[in-house]
Each structure stands twice: as C-alpha cells, then as structure tokens.
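**Student:** One structure coming up, written as structure tokens, with questions to follow.
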Amino acid sequence: MAVDRLLPTDEARDLIGLTRDVADKVLAPIVDEHEKTGTYPAGVFATLGEAGLLSLPYPEEWGGGGQPYEVYLQVLEEIAARWAAVAVAVSVHSLACHPLMTFGTEEQKQRWLPEMLGGATVGAYSLSEPQAGSDAAALVCKASTVDGGYRVTGSKAWITHGGIADFYNLFARTGEGSKGISCFLVPKDTAGLSFGKPEEKMGLHAVPTTSAYYDNAFVPAERRIGAEGQGLQIAFSALDSGRLGIAAVAVGLAQAALDEAVAYAQERTAFGRKIIDHQGLGFLLADMAAAVDSARATYLDAARRRDAGQPYSRNASVAKLVATDAAMKVTTDAVQVLGGYGYTRDFRVERYMREAKITQIFEGTNQIQRLVISRHLAG
Ligand SMILES: Cc1cc2nc3c(=O)[nH]c(=O)nc-3n(C[C@H](O)[C@H](O)[C@H](O)COP(=O)(O)OP(=O)(O)OC[C@H]3O[C@@H](n4cnc5c(N)ncnc54)[C@H](O)[C@@H]3O)c2cc1C
C-alpha cells in the first residue's frame with residue numbers, strides 16, 4: 001500500500017510519483033533475479049541518473065535536484081521499499097558528493113561536481129580499513145607528499161560500489177593522530193589502484209562491497225579536498241547526512257515488510273478465521289506499524305532541522321539508531337507473521353530481514369550512534 005506522505009510542495013509530490021513509477025516499472029521486475037545471482041544492475045543507475053534521482057539534495061546550479069533533504073530521504077525510502085541495495089548505493093553516491101560540495105574549492109567543484117551530480121559518474125566513500133572501522137582515526141593508509149601531489153599506499157575495506165564506482169572519496173594519513181588525515185577524490189582508473197573480489201555478504205547481493213589496494217598510487221595535489229589534516233572532520237560531516245540516508249533506507253525496508261505481512265495476514269486463515277483477526281497477531285502488526293511510523297517521523301524531524309540550517313548531528317544519530325533497530329524488529333516480525341513460509345526464499349520478507357541487519361552496522365554501528373548521542377548529552 002502506498003504510504004500517504006505529507007510533502008511540502010507539488011514538485012515533491014511529482015517526484016514521489018516519478019520514483020514510484022520507476023520503482024514499479026524498472027526495479028520491481030528485476031530485483032529478485034539480481035539479488036539471487038548477485039549481478040550489478042548498471043542500467044538501473046543510468047535510469048536513476050537520467051530521471052534526476054541521484055543528486056536530489058544538491059543545488060541546481062551544480063547539476064543537483066535542489067530538493068530539501070526531507071524530500072530526498074522520502075524518495076530514498078520509496079526506492080528502498082523495492083530494492084534496498086540500490087537505495088544504499090544511491091545514498092552512498094550522495095555521501096560521496098558531500099565532501100566536494102561542502103569543502104571543495106570553486107575550481108574543484110566546477111571541474112568535477114556537474115558530472116557527479118548529473119549521474120554521469122557514480123561515487124564511493126572509502127573511510128574504513130580492515131583494522132579500523134568504528135575507530136576511523138586509527139586508519140593507516142598513507143599519503144606521502146611528493147612533487148605535485150601524493151603517493152598513496154595501503155588498503156581500504158568495505159567499499160560499497162567498490163570496483164564499479166567512477167570516483168572514490170579516499171581518507172588517508174598525511175600526518176599523526178586524528179588531525180593527520182586528509183581527504184582525496186580519486187578516479188577509478190588511477191595507476192596503482194586495484195580492487196579485491198566482492199565480499200560474500202548476507203544481503204545486498206546486487207551491489208558489490210570490496211576492498212581497495214593503493215600501491216604507490218599518484219594522486220595530484222588538486223585532488224585533495226579541504227586542507228591537509230581536515231579529513232576526519234570532512235568524513236564525519238558527510239556521515240551526519242549519510243546516516244539520515246541509511247535511516248530512510250531502513251524505514252523503506254520496514255514498510256515493505258509490514259505491507260507484505262499485512263497482505264499475508266488478510267489472506268491466511270487459521271482456526272477458522274483470518275490470522276489478522278486473531279488479536280495476538282493483529283497487535284503484533286499494530287506494533288510493527290507504530291514502529292515504522294515513529295521511525296519515519298524521527299528521520300523527518302532530523303531532516304527538517306538540517307533543511308532549516310539547525311544543528312542536527314545528534315538527531316541524525318537518533319534517527320539512524322531508531323530507524324535501523326525498528327527495521328530489524330519489523331522485518332523479523334514479518335517473517336513471524338508468515339510462519340514457515342516466511343523462512344523461505346519464496347517470500348521477500350526473508351530478504352528484508354537479512355538486509356535490515358546491515359543498516360545497524362554501516363555508517364557507524366548503533367553502538368557508535370549511542371556514543372555520539374551520549375557525548376551530546378554530556379555536552
Ligand atoms: C555491506 C557493508 C558495506 C559497507 N560500506 C562501507 C562504505 O561504503 N565505506 C566505508 O568506509 N565503510 C563501509 N562499511 C564499513 C562499516 O562502516 C564498518 O563495518 C562499521 O563502521 C563497523 O566497523 P568494523 O566492521 O571495523 O567493526 P568494529 O569497529 O571492529 O566494531 C566491532 C564491534 O565493536 C563495537 N564497538 C566498537 N567500538 C565501540 C565502542 N567505543 N563502544 C561500544 N561498542 C563499540 C561495534 O559497535 C561492533 O559491534 C561497510 C560495511 C559493510 C558490511
């Protein structure tokens with residue numbers, strides 16, 4: 001059932017309509033096959049780019065959609081309800097455009113931003129390393145100063161869209177400590193850059209996650225974004241926005257699971273009546289609906305603060321925590337509603353449950369969100 005959304009403008013309503021159309025006609029017919037075979041749907045990203053859905057929250061003057069964040073997130077939610085892997089990749093692309101948009105010079109933006117926001121090139125974000133995920137300041141990949149730029153050596157891990165994306169936000173060490181990290185925009189075809197084979201994941205099979213290996217790779221100085229040593233600040237600033245994207249993806253997944261569970265419960269009978277009419281199950285569905293609605297309200301509140309130019313870092317962490325925990329519970333309960341059938345691959349709730357798990361882990365685990373929130377509380 002389509003979500004009845006409160007949207008700020010007619011343009012936003014049109015965008016949601018367009019997204020539902022693309023989701024129904026382009027995503028829905030192929031999602032099961034791609035998730036089963038683990039094949040990347042390149043054509044889907046071309047379609048989303050052409051439809052202007054890859055850069056909605058960025059200014060129109062740079063090729064973006066000029067939409068408020070609250071609208072972008074609801075578009076993302078609609079995509080996730082059909083295909084979480086694609087929604088995650090769209091969110092990561094948006095995350096990967098953030099450093100250049102926010103910290104790039106006018107010249108850098110003019111050079112690269114229009115193709116990134118226009119969807120001609122797709123981006124990835126590589127902060128994590130094999131030994132440094134939550135503790136990003138412990139990263140060791142090294143960028144040494146040489147004539148005209150930097151030589152990079154080291155490994156990055158867990159890159160969504162790795163090996164496929166055209167450009168990579170690379171966070172590498174140019175000095176000591178947390179203020180010794182810098183941000184670079186690295187093109188895929190850089191000599192000395194190679195990618196590992198895709199990780200064999202629990203879900204999100206259609207979009208690869210890989211390592212990247214830098215072997216004395218030359219990155220010109222003009223590809224450093226922001227000042228030397230500003231990298232971690234840039235990374236965390238992008239993640240505040242990115243976390244809201246993951247919250248929206250989680251709500252899309254939870255909504256899809258709720259819809260399937262309700263539809264099933266209206267058909268299936270036990271003890272002479274529809275299972276939805278057994279109060280024990282009806283109340284389970286009611287709790288699921290309450291969790292989805294409140295998670296959506298939480299991310300929208302954070303997004304509206306962002307749109308109003310107010311601080312929203314704490315709210316983004318609350319939204320990511322609440323929405324992804326809700327998605328895990330709601331998708332698990334959806335499997336319960338379908339009984340034995342829910343545990344098979346014949347029904348999508350099984351996939352939703354596997355996909356919900358990662359939303360509690362990436363872009364800062366939910367323990368790290370609690371750390372951020374508690375630090376805000378401690379002042
Ligand atoms: C499918 C997938 C896609 C990803 N995509 C990207 C990407 O595109 N770019 C990117 O840079 N990274 C990406 N990641 C990496 C992801 O962000 C990290 O896996 C995540 O941040 C956790 O880091 P870790 O795996 O090293 O776990 P660790 O940091 O080793 O944490 C292990 C456990 O310890 C807990 N823990 C750690 N520190 C604390 C603490 N201080 N207090 C309490 N508990 C703590 C964690 O919550 C976790 O439960 C991706 C990961 C996956 C699986």
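The values are calculated or read from the model by the stated rules, or taken from the named source; none is laboratory data. None of these values were measured; they are calculated from a predicted model. Please note: Cβ atoms are built from the backbone with ideal geometry, for glycine as well, and neighbour counts cover all protein chains shown. We work out accessible area using only protein heavy atoms, side chains counted, and drop any ligands, DNA or RNA first. Shrake-Rupley method; radii C 1.70, N 1.55, O 1.52, S 1.80 Å.
**Student:** For every other residue with a beta carbon closer than 14 angstrom to the beta carbon of Tyr58, add +1 if it is Lys or Arg and -1 if Asp or Glu, then tell me the sum. The partial results should precede the final answer.
**Tutor:** Details: positive: Lys109, Arg306; negative: Glu60, Glu61, Glu115, Asp307.
Residues near Tyr58 contribute -2 overall.
**Student:** So, counting K/R as plus one and D/E as minus one, what does the shell of residues with Cβ under 14 Å around Val262 add up to? Walk me through the numbers before you get to the answer.
**Tutor:** Values: positive: Arg268, Lys274, Arg348; negative: Asp259, Glu260, Glu267, Asp277, Asp287, Asp293, Asp333.
Residues near Val262 contribute -4 overall.
**Student:** Considering only protein heavy atoms, what per residue accessible area in square angstrom results for the chain with a 1.4 angstrom probe?
**Tutor:** Ligands and nucleic acids excluded, the figure is 43 Å² per residue.
**Student:** Under the rule a/c < 1.5 gives rounded, and otherwise a/b versus b/c splits prolate from oblate, where does segment 140-298 land using the Cα gyration tensor?
**Tutor:** Verdict is prolate for segment 140-298.
**Student:** Let me ask another. Write down the radius of gyration of the chain and its Dmax, each obtained from C-alpha positions, in Å.
**Tutor:** 20.8, 79
**Student:** While we're looking at this one, here's another question. Would you list Met101, Met202, Met288 from the most to the least accessible area, probe 1.4 Å? Provide the component values of the computation, followed by the final result.
**Tutor:** Working: Met101 35, Met202 120, Met288 5 Å².
Heavy-atom accessible area, descending, gives Met202, Met101, Met288.
**Student:** Rounded, prolate or oblate for segment 90-166? Axes are the square roots of the Cα gyration tensor eigenvalues, ordered a ≥ b ≥ c, and the cut-off for rounded is a/c under 1.5. Intermediate values should be presented prior to the final figure.
**Tutor:** On the way: a/c = 1.99, a/b = 1.28, b/c = 1.56.
Because a/c hits 1.5 or more and a/b fails to exceed b/c, segment 90-166 counts as oblate.
**Student:** Treat segment 236-377 as a sphere of radius equal to its Kirkwood radius over Cα pairs and apply Stokes-Einstein at 10 °C in a medium of 1.306 mPa s; give the translational diffusion coefficient in µm²/s, rounded to a whole number.
**Tutor:** Working: Rh = 15.6 Å.
Calculated translational D: 102 µm²/s.
**Student:** Moving on to the next point. With every protein chain kept in the model, how would you rank Ser144, Ser211 by accessible area, 1.4 Å probe, largest at the top? Write down the numbers at each step before the final one.
**Tutor:** On the way: Ser144 45, Ser211 20 Å².
Largest accessible area first, the list is Ser144, Ser211.
**Student:** Per DSSP helix of 4 or more residues, -39500 (n - 2.57); summed, then divided by the residues of the chain. What does that give at 222 nm, rounded to the nearest 500? Write out the running numbers ahead of the final one.
**Tutor:** Details: 12 runs with 194 residues, N = 379.
About -17000 deg cm²/dmol.
**Student:** Rounded to the nearest 20 Debye, what is the dipole magnitude of the chain about its Cα centre when Lys and Arg each give +1 and Asp and Glu each give -1 at the C-beta?
**Tutor:** Numbers: 36 positive and 44 negative charges, 189 e Å.
For this selection, approximately 900 debye.
**Student:** Using a Förster distance of 51 angstrom, determine the FRET efficiency expected from the C-beta separation of Arg304 and Tyr341, and round it to 0.05. It would help to have the intermediate numbers written out before the result.
**Tutor:** Working: r = 39 Å, r/R0 = 0.77.
According to the calculation, E is roughly 0.80.
**Student:** Expected output is a single nm value to one decimal: the length gained when fully extending between Ala289 and Glu176, i.e. 0.36 nm times separation in residues minus the C-alpha distance. What is it?
**Tutor:** Working: separation 113, 0.36 × 113 = 40.68 nm, distance 4.85 nm.
That pair, Ala289 and Glu176, stretches by 35.8 nm at full extension.
**Student:** I want the local charge near Arg345. Using Cβ-Cβ distances under 11 Å, sum +1 for each Lys or Arg and -1 for each Asp or Glu among the other residues.
**Tutor:** 0
**Student:** Given R₀ = 25 Å, what would the calculated FRET efficiency be for Tyr213 paired with Asp147, taking r from the Cβ atoms and rounding to 0.05? Could the numbers behind the result be given before it?
**Tutor:** Details: r = 23 Å, r/R0 = 0.94.
With R0 = 25 Å, the Cβ-Cβ based efficiency is 0.60.
**Student:** In percent, how large is the relative contact order of segment 93-204, given Cα pairs closer than 8 Å and 6 or more residues apart? Before the final figure, lay out each step's value.
**Tutor:** Values: 164 pairs, mean separation 25.3, N = 112.
The value is 23 percent.
**Student:** What does the accessible area of Val44 come to, in Å² to the nearest 10, when a probe of 1.4 Å is used?
**Tutor:** Val44 has an accessible surface of roughly 10 Å² with all protein chains in place.
**Student:** Between 0 and 90 degrees, rounded to the nearest ten: what's the tilt of helix 84-103 against the longest Cα principal axis of the chain?
**Tutor:** Between helix and principal axis, roughly 30 degrees.
**Student:** Which of Ala254, Ala302, Ala227 moves the most in a Gaussian network model of the chain with Cα springs under 10 Å?
**Tutor:** Sorting by GNM fluctuation, first place goes to Ala227.
**Student:** I would also like to ask the following. For Lys197, go through the lysines and keep the ones whose alpha-carbon is under 16 Å away, minus same-chain ones fewer than eight residues off.
**Tutor:** Within reach: Lys156, Lys188.
**Student:** Considering only protein heavy atoms and a 1.4 Å probe, what is the carbon-and-sulfur percentage of the accessible area of segment 123-232?
**Tutor:** Working: 2340 of 4550 Å².
Ligands and nucleic acids excluded, carbon and sulfur give 51 percent.
**Student:** Give the carbon-plus-sulfur fraction of the accessible surface of segment 236-377 in %, rounded to a whole number; probe 1.4 Å, heavy atoms of protein chains only.
**Tutor:** Working: 3580 of 6440 Å².
Result for segment 236-377: 56 percent of the exposed heavy-atom area is carbon or sulfur.
**Student:** Going through the cross-link list Lys274/Lys329; Lys25/Lys320; Lys142/Lys320, which pairs have a Cα-Cα distance over 25 Å in this structure?
**Tutor:** Lys25/Lys320; Lys142/Lys320
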